[in-house]
Amino acid sequence: MGINVCLEKCVGCSLCVKACGLDAITIKDKKAVIDMAKCSMCSACVEACKKFGAITITKESSAKADVNDYKNVAVFIEQHEGKVAGVSYEMLGEGRKLANDLSEKLVAVLLGSNMNDVAADLVKYGADKVVYFDSPELVQFRDDTYTALVCDFIEKDKPSILLAGATAVGRSFVPKIAARVWGGLTADCTKLEVDTERRLLLGTRPAFGGNLMATIIAPHHRPQIATVRHKVMKAAARDENRSGEVTVITVDAARIAKINERTKILDIVKEIESTVNIAEADIIVSGGRGMGSAENFSLIRDLAQALGGAVGASRAAVDSEWIPYSHQVGQTGKTVCPKLYIACGISGSVQHMAGMQSSDFIIAINKDPAADIFQIANLGIVGDALEILPQLTKAFKEKVCA
Ligand SMILES: Cc1cc2nc3c(=O)[nH]c(=O)nc-3n(C[C@H](O)[C@H](O)[C@H](O)COP(=O)(O)OP(=O)(O)OC[C@H]3O[C@@H](n4cnc5c(N)ncnc54)[C@H](O)[C@@H]3O)c2cc1C
Ligand code: SF4
Ligand code: SF4
């Protein structure tokens, strides 16, 4: 994939400069010059220069011819302050299965600083090889740096499949990687398989508002890239007997400074959670529109606290501003897999169930005996949640927590 300015056609009008959101174009000697380190190939300048037709983006379909050059399954390992994110262990578990099915290797790609021990540890979780980019500048996730370095890895190692978590980090930079390397991306997969005959990744994800599941393939592009939400797949089990290779790449500070030229981290604001993070919680008490008001959500919080659990919510409750979005469970919220999920005043829309149906045990409290949530509930209570919740909290406090 490449971008080109035809100097004969360019009249230096600057329309492309204004159209480029990444500040990738400057005018020098009355001609547009594109900085490839900044350009994301978004095509906005091509559109802006339609009148002159001076900018062209070429997308090589030659990727088809190169498909056979790509081999092995790679997993991007997400880390925060040196600690590997849970979703990355899930990707290692899934990646191992795919690599076994294809009789290929599993490669883990880690970016960070002072993480040699962590890098070596990834072998115990199924990696045959670990590629570790090491620099103090990589402690904190930066879109541009992470994109550039993972693209370096792809160019050199040519993995056939690349997996990453559909987290805030993954959602931010994985599409950029796909655009840069001309890979095929399926986001938010709930199931991954391989067609061993055609050596294709089959990425299944909800489509059309969650009403049907679509399986997507990228036959002509490499790598085949997929992001997967946290808690959808099983984490890799640790095996002390495994051995593998670790390659440490010390990244040149000057190169990182050049990549980071256009962005600066001013501050990092962490969300303060008063209760447990729902994605990690073993017990979740969730409230929906049936709770009736923001004040009534205190009944949900009381029960969650009595059980040592977290507070979840349906989108209807979030949209009503009864509770922040970070608590939303479902297709456009978080996917959760607790041991116990208590749904209170939640009807059980497909979009909500997409985020909680793999919970081990589901209790539903709903006034309407025909509510869909009862179809997946292990235990259903037909009644008014506003009356039942205080009784449950009291009972748990007295009998269980005593
Ligand atoms: C693209 C898209 C993405 C979406 N993503 C999500 C998502 O991520 N998460 C999500 O939750 N939704 C999502 N939705 C919205 C979803 O379709 C539903 O609108 C939403 O889940 C409904 O929330 P609810 O069950 O709280 O409300 P309702 O469907 O209105 O249900 C309220 C329930 O409460 C019961 N009830 C009322 N009063 C009481 C009471 N006192 N005691 C007990 N029960 C009572 C009623 O019988 C009813 O069953 C999405 C929609 C779209 C189109
Ligand atoms: S919009 Fe086209 S003609 Fe105008 S400066 Fe940019 S490339 Fe040149
Ligand atoms: S393709 Fe997009 S990012 Fe690249 S120069 Fe044009 S407008 Fe800027």
Return the only residue of ILE346, ILE388, ILE363 being touching a helix residue (DSSP H, G or I) at 6+ places or on another chain (Cβ under 8 Å) and within 14 Å of ligand 1 (Cβ to nearest atom). ILE346
Quick one: count up the residues across the range 370-385 that are over 28 Å from the mean Cα position of the chain (by Cα) and either in a strand (DSSP E or B) or near ligand 1 (Cβ under 9 Å from one of its atoms) (or both). 10
Tell me the residue from GLN331, GLN357 that is more than 23 Å from GLY383 (Cα to Cα) and in the same structural domain as LEU392 (by TED's automatic domain parsing), please. GLN331
Among the residues of the range 299-328, how many are at pLDDT below 95 and under 18 Å from ASP384 (Cβ atoms)? 0
Within the range 220-248, count every residue that is in contact (Cβ under 8 Å) with a residue 24 or more places away in the chain, surrounded by fewer than 16 Cβ atoms within 10 Å (Cβ to Cβ) and over 16 Å from CYS189 (Cβ atoms). 10
Checked the range 194-218 for anything loosely packed, with under 15 Cβ neighbours inside 10 Å and in contact (Cβ under 8 Å) with a residue 40 or more places away in the chain; matches are THR196, GLY209, ASN211
Filter the range 72-91 down to the residues that are assigned to a helix (DSSP H, G or I), buried (at least 19 other Cβ atoms within 10 Å of the Cβ) and not hydrophobic (A, V, I, L, M, F, W, C) and list them by number. SER88, TYR89, GLU90
Tell me yes or no: at least one residue of the range 367-374 is surrounded by fewer than 19 Cβ atoms within 10 Å (Cβ to Cβ), among the aliphatic types (A, V, I, L, M) and free of Cβ contacts under 8 Å to residues at least 60 places away in the same chain. yes
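Here's the yes/no breakdown for (1) among the β-branched types (Val, Ile, Thr); (2) under 27 Å from THR227 (Cβ atoms):
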| site | (1), (2) |
| --- | --- |
| CYS10 | no, no |
| ALA19 | no, no |
| LEU22 | no, yes |
| ILE27 | yes, no |
| MET36 | no, yes |
| ALA48 | no, no |
| ILE77 | yes, yes |
| ARG96 | no, yes |
| ALA108 | no, yes |
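The values are calculated or read from the model by the stated rules, or taken from the named source; none is laboratory data. A quick note: this is a predicted structure, and the numbers were derived from the prediction, not measured. No Cβ is skipped: glycine too gets one built from the backbone with ideal geometry, and neighbour counts run over all protein chains shown.
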